[in-house]
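Comments concern the structure below.
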Amino acid sequence: APGGGPGNAAEQAKANFNKCSPPTIVFAKGIDGRTEASFVPENRTDYTQGSALNGNIVTRAVCDTLVNKCDANVVAINDCAAAQQATAGLTGQAFADAFNAAVTKDL
């Protein structure tokens, strides 16, 4: 179940990732020994998903982690879901940039 995050109303409107850092992703060459560019969570301690050529695999994993491990609040969980939608039709760095901007918009 999602965590409640901070108690006051002003703080409840902000994304609170609680036990984890914000779930931003990276798109780069050379991750996990790959020769081609791939996606990976920026913080691989909190988000343990390995690299993937398909960014949706990584974004789905980090958003699932918010619920299953991080005890994030509803704002953070909803922002992550919206961030996944924001990447529709995008590829490469544009995909990563769109996800990262949307997932951190309520910090």
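Some points to look at:
- Taking the C-alpha atoms only, the angle from helix 92-103 to the longest principal axis of the chain is near 0 degrees.
- Rg and Dmax, both from the Cα atoms of segment 33-78 and both in Å, are 11.5, 38.
- 1.4 Å probe accessible area per residue over segment 35-107, in Å²: 47
- Here the scattering of segment 50-107 is modelled by Debye summation over its C-alpha atoms, one equal scatterer each and no solvent; at q = 0.25 Å⁻¹ the log10 of I(q)/I(0) is -1.01.
- At R0 = 30 Å, FRET efficiency that the Cβ-Cβ distance of ALA88 and LYS14 yields, to 0.05: 0.75
- Using alpha carbons only: equivalent-ellipsoid semi-axes of the chain, gyration tensor based, whole Å: 25, 14, 10
- Here the relative contact order of the chain, from alpha carbon pairs under 8 Å that lie six or more residues apart, stands at 33 percent.
- For segment 43-77, trypsin sites (Lys or Arg not before Pro) are listed when DSSP marks them as loop and at most 15 other Cβ atoms sit within 10 Å of their Cβ; the list is ARG44.
- Computed from Cα positions, the angle between helix 55-65 and the longest principal axis of the chain comes to roughly 30 degrees.
The values are calculated or read from the model by the stated rules, or taken from the named source; none is laboratory data. On a predicted model such as this, the values are computed, not experimentally measured, just so you know. Note that each Cβ is placed from the backbone with ideal geometry, even for glycine, and that neighbours are counted across all protein chains shown. For accessibility, only protein heavy atoms count, side chains too; no ligands or nucleic acids. Shrake-Rupley method; radii C 1.70, N 1.55, O 1.52, S 1.80 Å.
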